[in-house]
Amino acid sequence: MKHLLSTADLTKAQAIELLDIAEDMAEVRTREVKKLPTLRGRTVVNLFFEDSTRTRTSFEAAAKRLSADVINFSAKGSSVSKGESLKDTAQTLEAIGADLVVVRHSASGAPQVLAQSGWIHSGVVNAGDGTHEHPTQALLDAFTIRRRIHGSSSRGADLQGLTVLIVGDIVHSRVARSNLWLLTTLGAHVTFAAPATLVPLAIDRWPVDVVHDFDEALAVKPDVVMMLRIQTERMRNAFFPTEREYARLWGLDQDRYRGLKPEALIMHPGPMNRGLEISSEAADSAQATVLEQVANGVSVRMAVLYALSALPDADILGRPE
Ligand code: CP
């Protein structure tokens, strides 16, 4: 595997193997010296054209724990403001020595272009492209679910039979798309709950049930409830009357939180709009996995960097030494 662009590209065996490697990486965090020499001498470039807290810092932590050199590029403050293109920016950073490029871009498809155009020869990891995909977020979500469900016997396990409800701003959500492909590949049953205005037009062709009433979707007692951020920065129209109305109909408020089955997981990719799509009571509860997701993101991104750097030609991934 040379690039990671979409979770739709992963077979079930590859997805499980990546999650298993992430388990190995998570063990490194429990050691006194939390580093592996695996990527010594390699350079990872974080090429971020959109803002990020979790993804950029956890890729940086992941690369450093594998002993790679890291270059962090942010479009803000760069020569992008002078009109430099994606191609020229990427080629410039490759000339500085990038072996792997982790790219976040507002344009859906930008990582595919970098990987497939021949502009650069490095491996490419999609760290979120427009409304298209965020594959490492889905992998860390699947890892978090698997750990909570299977505990110490997670290795090798899939998510067969699990019911996952993904709620809110589906149309703008790369997290929803990447999770749908990955969770379905792993055997889970995914339902989207959203107002009709926040569901993509092509949804009929996707392997997902769609419900337009949050309380109806909750009545079947899903195993996992994943709340999505309302992405106002991508909204050019009014998709719902008011934030107050959205919170009333689509927020995981105190009453809805208290109606979940006690073992149900509450997930959110972050950043959260507290009081809008999720109440603080739900976000800070023992059922919430929000900070676990962040911590697991480092292990999962270590696994991805390892797989792409150390084993670019392997179809079935290997295991770190
Ligand atoms: N979940 C996520 O992608 O968060 P950031 O935008 O902070 O990276």
**Report entry** Among the candidates ARG274, ARG236, residue that is without any contact (Cβ under 8 Å) to a residue 40 or more places away in the chain and under 17 Å from GLN293 (Cβ atoms)
**Finding:** ARG274
Query raised in the report: Within the set of pairs 6+ apart or on separate chains, which have a first residue in the stretch 31-56 that is part of a loop (DSSP other than H, G, I, E, B), a second that is aromatic (Phe, Trp, Tyr), and C-beta atoms under 8 Å apart?
Result: THR38/TYR306; LEU39/TYR306
Query - Residue satisfying all of: in the stretch 113-142; surrounded by fewer than 19 Cβ atoms within 10 Å (Cβ to Cβ) and in a helix (DSSP H, G or I); farthest from the ligand (Cβ to nearest atom) among these - result: GLN116
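Residue check: is LEU159 modelled with pLDDT of 95 or more, out of contact with any Asp or Glu (no Cβ under 8 Å at 6 or more places or on another chain) and outside the structural domain of THR55 (by TED's automatic domain parsing)? Show your work before the answer.
Working: modelled with pLDDT of 95 or more: yes; out of contact with any Asp or Glu (no Cβ under 8 Å at 6 or more places or on another chain): yes; outside the structural domain of THR55 (by TED's automatic domain parsing): yes.
So LEU159 passes the test.
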Requested in this report: Mind counting the residues in the stretch 76-106 that are touching a residue at least 40 places away in the same chain (Cβ under 8 Å) and either among the hydroxyl-bearing types (Ser, Thr, Tyr) or not in a helix (DSSP H, G or I) (or both)?
Outcome: 11
Report task. Would you mind listing the helices (runs of 4 or more DSSP H) fully within the stretch 213-321 where at least 3 residues are at pLDDT 95 or above, in the same structural domain as VAL199 (by TED's automatic domain parsing) and over 24 Å from ARG147 (Cβ atoms)? Result -> 214-219, 243-250, 254-259
Requested in this report: Just need a number here: residues in the stretch 218-243 that are surrounded by 17 or more Cβ atoms within 10 Å (Cβ to Cβ) and within 15 Å of ILE278 (Cβ to Cβ).
Outcome: 9
**Report entry** Every residue from the stretch 179-212 that is part of a strand (DSSP E or B) and aromatic (Phe, Trp, Tyr)
**Finding:** PHE192
Report task. Examine the stretch 204-211 for a residue that is surrounded by 15 or more Cβ atoms within 10 Å (Cβ to Cβ), farther than 22 Å from PHE239 by Cβ and not polar (S, T, N, Q), and state whether such a residue exists. Result -> no
Requested in this report: Considering only the stretch 91-112, state which residues are hydroxyl-bearing (Ser, Thr, Tyr) and within 16 Å of the ligand (Cβ to nearest atom).
Outcome: SER106, SER108
Query raised in the report: What single numbered condition from (1) away from the ligand (no atom under 16 Å from the Cβ); (2) free of Cβ contacts under 8 Å to residues at least 24 places away in the same chain fails to hold for TYR246?
Result: (2)
Query raised in the report: Residue check: is ASP9 more than 16 Å from the ligand (Cβ to nearest atom) and more than 22 Å from VAL175 (Cβ to Cβ)?
Result: no
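Give me the residue from the stretch 51-66 that is under 15 Å from the mean Cα position of the chain (by Cα) and of a type in the set (A, V, I, L, M, F, W, C) and, out of that set, surrounded by the fewest Cβ atoms within 10 Å (Cβ to Cβ).
The qualifying residue surrounded by the fewest Cβ atoms within 10 Å (Cβ to Cβ) is ALA62.
Per-residue answers, yes or no, for (1) under 21 Å from the mean Cα position of the chain (by Cα); (2) within 16 Å of the ligand (Cβ to nearest atom); (3) assigned by TED's automatic domain parsing to the domain that holds GLY270; (4) not acidic (Asp, Glu):
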{"site": "GLN14", "(1), (2), (3), (4)": "yes, no, no, yes"}
{"site": "THR38", "(1), (2), (3), (4)": "no, no, no, yes"}
{"site": "ASN46", "(1), (2), (3), (4)": "yes, yes, no, yes"}
{"site": "PHE49", "(1), (2), (3), (4)": "yes, yes, no, yes"}
{"site": "ALA68", "(1), (2), (3), (4)": "no, no, no, yes"}
{"site": "SER74", "(1), (2), (3), (4)": "yes, yes, no, yes"}
{"site": "SER81", "(1), (2), (3), (4)": "no, no, no, yes"}
Query raised in the report: Which of the residues spanning the stretch 1-59 are of a type in the set (Gly, Ala, Ser) and over 24 Å from LEU186 (Cβ atoms)?
Result: GLY41, SER52
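The values are calculated or read from the model by the stated rules, or taken from the named source; none is laboratory data. Note that the structure is a prediction, hence the values are computed from the model and not measured. Backbone-built Cβ (ideal geometry, glycine too); neighbour counts: all protein chains shown.
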